[in-house]
Amino acid sequence: MESIKVLIVATSHDKMGDTDASTGIWLEEMAAPYYIFQEAGADITIASPNGGQVPIDPKSLGIIIATRNTKRFLKDEEAMNFLSRAVSLSSINADDFDLVFLSGGHGSLWDLADNKILKQLLEVFENSGKPIGAVCHGVAGLLTLKNDKGNLLIKGRQLTGRSNSEEESAGVTTILPFLLETELLSLGAMYSKGDSYVNYVVADGNIITGQNPASAVEVAKRVIALVKHKQSTP
């Protein structure tokens, strides 16, 4: 069986609006899929709008927040180097990959939500029936996609993503450019959610979305499983 070619998309945005607070990726949403893809023998490429070093939200490194995956990632020189060598989205050819995974973090709301290059890439994945995984704020990358009839892809699709209650508990609702749950519902997505900060994953065809960092493991496992099933089907 051929090695699975995985594209992980990350934010390049490192500031919370007009504040001095830093943001970026939420590390669990990068570390968990990274190790799942690695253990599946996948060939992993990371891309971001600007390329280069991917910023990490410092809040995702806290002692209380830290997970087994993030602790492992921070001590893993190869993994940390991986974050420093993101390629620009503009250099990516969707045909070179079997699946795409959109990692989250608040930064994604600023530079993945209305990114024309990402939109074009994801529409190729969708039209090819390739798995698209997205977790937490990474789901914002799906907002502007169109289907082959020119309609919004997410309209009528079963999706989840960062909930308003999770944003409220983080105290950031007035800083963000929009609330993902509200935006998904306003665009016609069939949004659903579970309890705050607890694993909740929704699958609709080739699109698998997770509500929060706790959902990253399952989303990654399910997109890999979709590719393996496709490869094993005559």
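Every read-out reported here was derived from the displayed coordinates using simple, explicitly stated rules and does not represent laboratory data. If you're wondering where the values come from, they're calculated on a predicted model, not measured in any experiment. Methodologically, a virtual Cβ is constructed for each residue, glycine included, from the backbone with ideal geometry; neighbour enumeration extends over all protein chains shown.
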Hey, could you check segment 26-64 for residues that are touching a residue at least 12 places away in the same chain (Cβ under 8 Å) and among the β-branched types (Val, Ile, Thr) and say which is surrounded by the most Cβ atoms within 10 Å (Cβ to Cβ)?
-> VAL54
Within the group VAL219, VAL135, which residue is of a type in the set (Val, Ile, Thr), under 26 Å from ASP18 (Cα atoms) and surrounded by 22 or more Cβ atoms within 10 Å (Cβ to Cβ)?
-> VAL135
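Each row is one residue, and each column tells you yes or no for (1) over 19 Å from GLU28 (Cβ atoms); (2) surrounded by fewer than 23 Cβ atoms within 10 Å (Cβ to Cβ); (3) aliphatic (A, V, I, L, M).
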site: THR70; (1), (2), (3): no, yes, no
site: LYS75; (1), (2), (3): no, yes, no
site: ALA79; (1), (2), (3): no, yes, yes
site: VAL87; (1), (2), (3): yes, yes, yes
site: ILE92; (1), (2), (3): yes, yes, yes
site: LEU102; (1), (2), (3): no, no, yes
site: SER108; (1), (2), (3): no, no, no
site: GLN120; (1), (2), (3): yes, yes, no
site: GLU123; (1), (2), (3): yes, yes, no
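Just give me the residues in segment 144-175 being aliphatic (A, V, I, L, M) and touching a Phe, Trp or Tyr at 6+ places or on another chain (Cβ under 7 Å), in sequence order. Give the steps one after another, and end with the answer.
Keep residues of segment 144-175 that are aliphatic (A, V, I, L, M), which gives 145, 152-154, 159, 170, 172, 175.
Within segment 144-175, just LEU159 meets the criteria.
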State all residues of segment 16-44 that are more than 18 Å from the chain's Cα centre (by Cα) and assigned to a strand (DSSP E or B); if no residue qualifies, say none.
-> SER22
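Given the criteria assigned to a loop (DSSP other than H, G, I, E, B), polar (S, T, N, Q), surrounded by 14 or more Cβ atoms within 10 Å (Cβ to Cβ) and out of contact with any Ser or Thr (no Cβ under 7 Å at 6 or more places or on another chain), does THR174 qualify? Full working, then the answer.
On the way: assigned to a loop (DSSP other than H, G, I, E, B): yes; polar (S, T, N, Q): yes; surrounded by 14 or more Cβ atoms within 10 Å (Cβ to Cβ): no; out of contact with any Ser or Thr (no Cβ under 7 Å at 6 or more places or on another chain): yes.
For THR174, the condition - assigned to a loop (DSSP other than H, G, I, E, B), polar (S, T, N, Q), surrounded by 14 or more Cβ atoms within 10 Å (Cβ to Cβ) and out of contact with any Ser or Thr (no Cβ under 7 Å at 6 or more places or on another chain) - is not met.
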Which listed residue, of ASN164, ASN147, is farther than 28 Å from ASN50 by Cβ, in contact with an Asp or Glu (Cβ under 6 Å, 6 or more places away or on another chain) and surrounded by fewer than 22 Cβ atoms within 10 Å (Cβ to Cβ) | ASN164
